[in-house]
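In what follows, a single structure is set out as structure tokens and then discussed.
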Amino acid sequence: MGRKLLAVNDSAWLFAESHRTPMQVGMLATFRVPEDQPTFVADLVARWREVRSFAPPFNYLFKKSPVPSWIEVPDEEIDLDYHLRHSALPAPGSQRELGVLVSRLHSSMMDRRYPLWECHVIEGLEEDRWSLYIKAHHSQVDGVGGIRLLRRILSADPDTRDMLPPWAVGTRGPDQSGIPSRPRSMPSAEAVASPRAGAVRSGATVLASLTKTYAETLTGTRDDDRAVPFRAPKSIFNGRIHTPRRFATQHYSIERLRSVAKAADASLNDIFLTICGGALRRYLVEHDQLPTQTLTANVPVSVREGTAASVGNAITFLYATLGTDIEDPVVRIAAIKSSTASGKARLPEVNGLAMTAYTAVLMAPFLTQAILGVGGRGRPASNIVVSNVPGPAEARYLDGSRMEEIYPVSLLFNGQALNITAVSYDGEFNIGFTGCRDSIPSLQKIAVYAGEELDRLEAALAP
């Protein structure tokens with residue numbers, strides 16, 4: 001068995017994991033059963049059970065010593081009956097009942113004696129639909145990496161049949177998407193000619209960015225609206241958490257969001273942060289728990305190169321205000337625009353190992369808290385994570401079954417009881433709200449309030 005050493009940033013998610021804080025991410029996709037195939041789901045599961053070949057990361061087993069590594073497990077040693085689960089809601093299952101089931105499935109920590117993934121096929125949804133819920137450990141996949149895997153697993157051609165299951169495709173199996181991959185860009189001649197000089201410049205850039213960021217954290221003084229780590233106020237989202245999860249969804253037309261962004265002279269992501277900030281403000285006011293200082297969001301930024309799928313994480317982070325101290329949505333979006341611009345300007349213009357080093361140092365205080373189990377006891381690095389992952393722009397199919405919706409299901413940890421992540425797909429902006437059941441009562445209200453905040457922002461910007 002070959003070993004693949006884990007990057008420091010990837011292994012941190014494994015060492016920070018506990019039964020209260022399982023470090024896994026998931027995807028919930030809902031499909032339409034083809035009209036001429038009433039037994040489609042049962043037939044699909046039966047066929048998938050016969051496929052006993054596994055590609056990375058679906059054949060990776062974690063070994064903690066002597067150094068954190070992945071071991072490639074031979075196909076015959078992987079128990080597919082453990083990883084592939086076939087469930088059914090009492091027909092006709094509603095979206096709420098599906099959410100309850102996924103909340104329960106996402107609450108449990110995966111057994112490290114097995115490769116760290118599960119695939120749940122769920123039938124019985126109303127309107128002749130079925131769902132696919134897949135979860136995998138965050139040490140193996142981030143949001144963009146998960147979408148790249150999804151592109152390989154599903155096809156843009158509705159006539160493609162006999163498609164392989166996710167575990168047989170992975171990062172090495174045949175690409176079933178029908179979309180050709182773009183070649184990875186080549187490094188510049190200057191970078192090839194002077195790698196040592198480039199490394200020195202990258203190191204200096206990274207050091208300057210980190211020094212400025214943590215100097216502002218320590219002193220609390222900033223020359224603009226930039227948000228920095230560990231200066232967020234304590235809120236009800238930032239205490240100790242428990243195992244049970246809640247999951248809620250919301251979706252909007254991308255064109256609708258783009259129209260609002262154009263009217264506000266802002267990015268789509270700024271609009272997303274603005275409606276999240278408004279929804280959280282309303283929720284906190286309702287519970288008489290609104291801090292006087294604005295909440296801060298930790299916003300993941302993909303630094304993944306090329307277009308191929310790969311195992312592991314390739315993300316860094318910026319911090320942005322959510323404007324929860326501002327009642328007027330137009331004033332709030334102006335504050336968020338300024339904050340995200342400052343956050344982007346602070347990111348060092350480096351890649352590869354330099355960016356990995358930057359992220360490791362930037363996140364070291366937070367990850368150290370998580371590994372030591374002391375998160376949620378002091379001032380949080382940020383209040384919540386808000387992430388936006390671009391998904392397929394065109395419709396995707398699995399053996400002719402059209403994917404209608406896709407929602408991300410994310411991870412939580414002590415000190416952060418709420419995660420809001422969006423994935424765009426086929427003209428829709430799909431948002432998954434993952435929360436700690438005990439810390440955030442009536443999580444669904446935040447999803448509802450987000451929709452109402454979008455209405456309010458539209459009205460405020462109307463000519």
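Readers should treat all values here as calculations from the given coordinates under stated rules, not as data from a laboratory. All figures in this text were calculated on a predicted structure; none of them were measured in a lab. All Cβ positions, glycine included, derive from the backbone under ideal geometry; neighbour counts span all protein chains shown.
Loop-resident trypsin sites (Lys or Arg not before Pro) (DSSP state other than H, G, I, E or B) in segment 323-381 with no more than 14 further Cβ atoms inside 10 Å of their Cβ: R377. Think of the chain as having a plus end and a minus end, set by charges on the Cβ of Lys, Arg, Asp and Glu; of P66, F317, V100, P66 sits farthest toward the positive end of this dipole. Distances between every pair of Cα atoms in segment 3-169, grouped in 10 Å steps from 0 to the bin holding the largest one, split as 9, 36, 36, 15, 3, 0 percent.
Taking a sphere under 12 Å around the Cβ of R437 and counting the other residues whose Cβ falls inside, with K and R at +1 and D and E at -1, yields a net charge of +3.
Taking the Cα centre of the chain as origin and assigning +1 to Lys and Arg Cβ atoms and -1 to Asp and Glu Cβ atoms, the resulting dipole is close to 1740 debye.
Placing +1 on each Lys and Arg Cβ and -1 on each Asp and Glu Cβ, with no other charges, gives segment 389-452 a dipole about its Cα centre of roughly 260 debye. What shape does segment 200-461 have by the C-alpha gyration tensor, where a ≥ b ≥ c are the square roots of the eigenvalues, rounded means a/c under 1.5, and otherwise prolate means a/b greater than b/c and oblate the rest? Rounded is the answer for segment 200-461, as its axis ratio a/c remains below 1.5. Taking a ≥ b ≥ c as the square roots of the eigenvalues of the alpha carbon gyration tensor, segment 392-438 is prolate, as a/c is not under 1.5 and a/b beats b/c. If you only keep lysine pairs separated by 8 or more in sequence, or across chains, how many in the chain come under 30 Å at the Cα atoms? Eligible lysine pairs with Cα atoms under 30 Å apart amount to 16. Solvent-free Debye calculation, one equal scatterer per alpha-carbon of the chain: log10 I(q)/I(0) at 0.06, 0.12 Å⁻¹ equals -0.26, -1.10. Near T340: Cβ cut-off under 10 Å, other residues only, Lys/Arg at +1 and Asp/Glu at -1. The net charge is +1.
A simple packing score, the average count of other Cβ atoms within 10 Å per residue, orders the peptides 402-412, 102-112, 206-216, 283-293 as 402-412, 102-112, 206-216, 283-293, with the highest score first.
Taking a span of 24 Å or more along the helix axis (Cα atoms) and a mean Kyte-Doolittle hydropathy of at least -0.5 as the rule, the DSSP H helices of the chain that qualify are 195-219, 268-286, 329-346, 352-372, 444-461.
The relative contact order of the chain, computed from alpha carbon pairs under 8 Å that lie at least 6 residues apart in sequence, is 23 percent.
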